[in-house]
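> Structure provided below as structure tokens; questions to follow.
The values are calculated or read from the model by the stated rules, or taken from the named source; none is laboratory data. From a predicted model like this one, the values you see are computed outputs, not experimental measurements. Every residue, glycine among them, receives a Cβ derived from its backbone with ideal geometry; neighbour counts consider all protein chains shown.
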Amino acid sequence: MKKQIILIFICSMSFVFAEGFLKTSGKKIVDETGTQIILRGIGFGGWMLQEGYMFKTSGFANSEHEFRNKIKLLVGEEKTAQLYKLYHDSHIREIDIMQLAEWGFNSIRLPMHYNKLTNLNNDGTYFEEGFARIDSLLSWCEKYKIYLILDLHAAPGGQNAEGISDYDPSIPLLWNSEQNKLVTINLWKKLAERYANKEWIGGYDLLNEPNWDLGSDNAPLLKLYKDITVAIRTVDNNHIVFIEGNNYANNFTGLTPPWDGNLVYSFHKYWNNTDQSSISWVLSIRDNYNVPLWLGETGENSNQWLQETINLMETNKIGWATWPLKKIDDIAGPISVPLTTQYQTMLNYWNGQGAKPTENFAYAALSTQFGSFKYESCRIQKDYVDALFRQQSTSQTVSFIENNIPGVIFGVNYDYGKAGEAYNDKVNSNTTGSPGGASWNSGGKYRNDGVDIEHCSDAITNGFNVGWIESGEWLKFSVNVEYTGTYDLNIRYAANSSGGKIQLNNATAFLTSLIDLPSTGGWQTWKTKTVNNIQLQAGKQGIYIKFYFSGFNFNYLEFIPVSVDVNDGVNPSSDFYLNQNFPNPFNGQTKIEFSLPSFSNFSLKVFDIKGEYKGTIAEGFEVGHKDVSWSSDGFASGIYFIQLEYGGEIKKIIKSVILN
């Protein structure tokens with residue numbers, strides 16, 4: 001697919017490239033110069049260990065071995081192995097690491113499955129393919145100066161009875177098998193031996209989210225941690241050991257004081273408050289034992305919750321890692337993998353809602369879906385990244401896309417920014433203590449803010465509309481008004497009932513009174529409400545759309561010039577300009593004026609609202625003032641963009657409306 005240009009946000013946070021091995025110094029993680037390093041990372045969940053919810057398989061395969069068995073039943077063992085190689089090759093590549101570095105991440109947490117590295121026989125067998133994947137990832141991390149923290153996410157037998165550890169009831173649980181414990185200890189020794197002298201290995205996260213009844217003092221967990229630490233230290237005295245508590249990382253009873261001089265306590269944070277009191281329990285561990293902390297896993301929440309949580313960590317000088325990098329068709333992460341039509345057919349079958357596919361179809365469908373994990377095929381969730389980095393240092397909002405007046409402004413393209421600055425939504429995070437709690441985005445589409453967004457069926461749409469509107473909610477749009485003057489305003493909305501109202505204002509004045517939105521007869525039955533004679537001043541400004549009462553959905557605003565001063569928006573002394581077409585809107589003929597400063601090739605082209613080329617109005621080798629006519633013959637009703645290009649330079653894009 002054609003890759004769109006990615007907007008990279010540069011925030012004012014200070015990033016320091018570390019020197020040498022990371023180590024602990026009192027309550028800090030430092031490099032070898034003693035400079036404190038705040039780890040700003042992300043977990044690669046799903047790569048070396050698949051979790052059902054990331055692949056939309058939770059209903060029938062919550063763990064990797066269940067998912068793999070489903071595939072094997074359709075295509076056989078050999079083709080399943082081929083599919084998984086394709087998947088592993090596609091999911092993480094150098095381009096992913098380069099992008100993370102550009103965004104501002106300085107660390108990666110790599111969840112590992114033991115079965116990619118060894119077997120359960122404790123016979124000294126290790127799988128070079130798995131280690132080679134880690135080696136490749138580490139080489140990219142070294143190139144882009146990102147720390148790699150190794151995390152045993154699926155221990156032999158499973159450290160909890162959950163899909164997150166690929167728990168298989170046919171295999172003895174880690175806590176019930178001395179041999180599985182030995183395999184775990186020896187695996188960590190092998191890893192430490194291989195990476196002992198690698199400075200961009202940030203450390204070893206010994207066990208992800210153990211969760212089992214291990215007694216009131218967690219004695220079996222403490223013993224295993226100490227045994228692993230001893231094994232590591234026989235071959236590696238350079239790297240930090242990260243320790244997670246029982247009960248999904250947050251129960252450190254019996255696991256203090258630290259038994260190693262280079263140890264960090266790692267906690268996880270999900271679905272709770274973002275104030276200081278929410279981490280007071282773990283701050284007391286840091287203070288009482290003079291030991292660093294690391295938030296090794298957090299996320300699966302709204303941008304607002306993430307912004308607040310990361311701010312809480314930064315304020316307390318605690319490193320963090322969000323979770324995870326990629327999921328299929330999901331807004332709560334930086335990269336969303338497209339859900340293919342063929343894969344949806346597979347999901348329908350596995351969920352008991354479709355016929356069994358043929359072997360050839362299944363293999364082709366899974367090949368396409370697994371290949372879609374490549375960065376180039378994915379959708380970048382820039383709003384998520386903005387919350388992690390830029391919003392940590394400013395309350396200023398910035399444009400999601402360029403919004404110009406005259407033209408159309410889609411409701412879902414409100415500004416990037418914090419709740420209360422870029423938008424107001426009654427529910428903008430989940431602090432219920434469970435993943436199935438309050439939904440911060442009822443539609444779960446397009447963006448990860450609190451604003452509720454769903455698919456839109458209107459004739460003119462970018463694919464999405466704002467829904468589930470409640471009284472008092474609002475959106476802010478940074479816009480560029482090209483000309484001072486009078487505009488007509490079209491509001492595109494769908495109302496299941498009457499009573500909803502909308503109002504527009506900028507920073508200094510109301511632009512409209514309260515506008516009634518009568519019923520249209522359904523949530524996706526779209527109609528236009530027109531308000532005449534809106535006065536706007538040229539220039540960049542913020543426009544706020546405020547909602548009152550409920551019962552309606554919102555698609556877009558359209559500003560149409562009625563009487564404007566084109567010289568207010570265009571320098572009349574300029575030798576190179578393109579004026580707004582007149583009349584606008586029009587049916588039949590409209591005139592377009594422009595000027596070229598010297599003889600050169602020029603072209604005046606038309607694009608539709610999706611940016612697709614639709615035709616050329618004029619072209620040639622000219623100089624001076626020109627005016628041309630454009631006929632609507634052959635063009636469907638809708639919104640088009642006119643682009644003047646001269647000597648390889650694009651002057652500007654002017655909005656036009658074609659009417660029947």
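> Please go through the stretch 32-48 and pick out each residue that is of a type outside the set (Gly, Ala, Ser) and more than 30 Å from the chain's Cα centre (by Cα).
The answer is 32, 33, 35.
The rows are residues; the columns are (1) basic (Lys, Arg); (2) at pLDDT 80 or above; (3) not in a strand (DSSP E or B).
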| position | (1), (2), (3) |
| --- | --- |
| 562 | no, yes, no |
| 567 | no, no, yes |
| 573 | no, no, yes |
| 580 | no, yes, yes |
| 590 | no, yes, no |
| 595 | no, yes, no |
| 600 | no, no, no |
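> Tally up the residues in the stretch 121-142 that are over 29 Å from the mean Cα position of the chain (by Cα) and either buried (at least 21 other Cβ atoms within 10 Å of the Cβ) or closer than 19 Å to residue 196 by Cβ (or both), please.
3
> Further question: Output the number of residues of the stretch 355-379 satisfying the condition of being within 29 Å of residue 106 (Cα to Cα), surrounded by fewer than 20 Cβ atoms within 10 Å (Cβ to Cβ) and touching a Gly at 6+ places or on another chain (Cβ under 9 Å).
1
> Can I ask one more? Name, by its number, the condition in (1) more than 21 Å from residue 380 (Cα to Cα); (2) of a type in the set (Gly, Ala, Ser); (3) assigned to a loop (DSSP other than H, G, I, E, B) that does not hold for residue 442.
(1)
Quick grid of which residues meet (1) in contact (Cβ under 8 Å) with a residue 24 or more places away in the chain; (2) surrounded by fewer than 22 Cβ atoms within 10 Å (Cβ to Cβ); (3) over 17 Å from the mean Cα position of the chain (by Cα):
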| residue | (1), (2), (3) |
| --- | --- |
| 381 | yes, yes, no |
| 387 | yes, no, no |
| 391 | yes, no, no |
| 394 | yes, yes, yes |
| 402 | yes, yes, yes |
| 422 | yes, no, yes |
| 429 | yes, no, no |
| 434 | yes, yes, yes |
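> Do we have any residue at all in the stretch 462-480 that's in a loop (DSSP other than H, G, I, E, B), under 20 Å from residue 403 (Cα atoms) and of a type in the set (D, E, K, R)?
For the stretch 462-480, residues in a loop (DSSP other than H, G, I, E, B), under 20 Å from residue 403 (Cα atoms) and of a type in the set (D, E, K, R): absent.
> Being under 16 Å from residue 552 (Cβ atoms), small (Gly, Ala, Ser) and either without any contact (Cβ under 8 Å) to a residue 60 or more places away in the chain or surrounded by fewer than 21 Cβ atoms within 10 Å (Cβ to Cβ) (or both) is the filter here; which residues of the stretch 459-479 pass it?
Correct list: 471, 472.
> Of all residues in the stretch 223-244, how many are surrounded by 19 or more Cβ atoms within 10 Å (Cβ to Cβ), more than 21 Å from residue 38 (Cα to Cα) and not β-branched (Val, Ile, Thr)?
4
> Please pick out the residue among 85, 145 that is on the phi > 0 side of the Ramachandran plot and either free of Cβ contacts under 8 Å to residues at least 40 places away in the same chain or surrounded by fewer than 22 Cβ atoms within 10 Å (Cβ to Cβ) (or both).
145
> In the stretch 528-550, what residues are over 18 Å from residue 470 (Cα atoms) and either surrounded by fewer than 16 Cβ atoms within 10 Å (Cβ to Cβ) or among the small types (Gly, Ala, Ser) (or both)?
528, 530, 532, 533, 535, 537, 538, 539, 540, 542
> Based on this model, can you work out whether residue 94 counts as of a type in the set (D, E, K, R), under 23 Å from the mean Cα position of the chain (by Cα) and within 23 Å of residue 170 (Cβ to Cβ)?
When the stated conditions are applied, residue 94 does not pass them.
> Residues that are in contact with a Pro (Cβ under 7 Å, 6 or more places away or on another chain): find the strands (runs of 3 or more DSSP E) completely inside the stretch 11-127 holding 1 or more of those.
23-25, 28-30, 40-43
> Given 325, 283, which one is touching a helix residue (DSSP H, G or I) at 6+ places or on another chain (Cβ under 9 Å), at pLDDT 95 or above, among the hydrophobic types (A, V, I, L, M, F, W, C) and over 28 Å from residue 200 (Cβ atoms)?
Going through 325, 283 in turn, the sole match is 283.
> Mind checking which residues of the stretch 325-383 are more than 24 Å from residue 418 (Cα to Cα), assigned to a loop (DSSP other than H, G, I, E, B) and in contact with a strand residue (DSSP E or B) (Cβ under 6 Å, 6 or more places away or on another chain)?
If the condition is that a residue be more than 24 Å from residue 418 (Cα to Cα), assigned to a loop (DSSP other than H, G, I, E, B) and in contact with a strand residue (DSSP E or B) (Cβ under 6 Å, 6 or more places away or on another chain), then 339, 372, 373, 378 are the ones that fit.
> Test residue 547 against the criterion of being touching a helix residue (DSSP H, G or I) at 6+ places or on another chain (Cβ under 6 Å), farther than 20 Å from residue 485 by Cβ, in a strand (DSSP E or B) and touching a residue at least 60 places away in the same chain (Cβ under 8 Å), and give yes or no. Working first, answer last.
Working: touching a helix residue (DSSP H, G or I) at 6+ places or on another chain (Cβ under 6 Å): no; farther than 20 Å from residue 485 by Cβ: yes; in a strand (DSSP E or B): yes; touching a residue at least 60 places away in the same chain (Cβ under 8 Å): yes.
It is false that residue 547 is touching a helix residue (DSSP H, G or I) at 6+ places or on another chain (Cβ under 6 Å), farther than 20 Å from residue 485 by Cβ, in a strand (DSSP E or B) and touching a residue at least 60 places away in the same chain (Cβ under 8 Å).
> Among the numbered conditions (1) over 22 Å from the mean Cα position of the chain (by Cα); (2) buried (at least 20 other Cβ atoms within 10 Å of the Cβ), tell me where residue 315 comes up short.
Failed condition: (2).
> So which of 553, 505 ends up being under 20 Å from residue 443 (Cα atoms), in contact (Cβ under 8 Å) with a residue 24 or more places away in the chain and not hydrophobic (A, V, I, L, M, F, W, C)?
Criteria check complete, one pass: 553.
> May I pose another question? Checking residue 256 against (1) part of a strand (DSSP E or B); (2) more than 31 Å from the chain's Cα centre (by Cα), only one condition comes out false. Which one?
Result: residue 256 passes all but (1).
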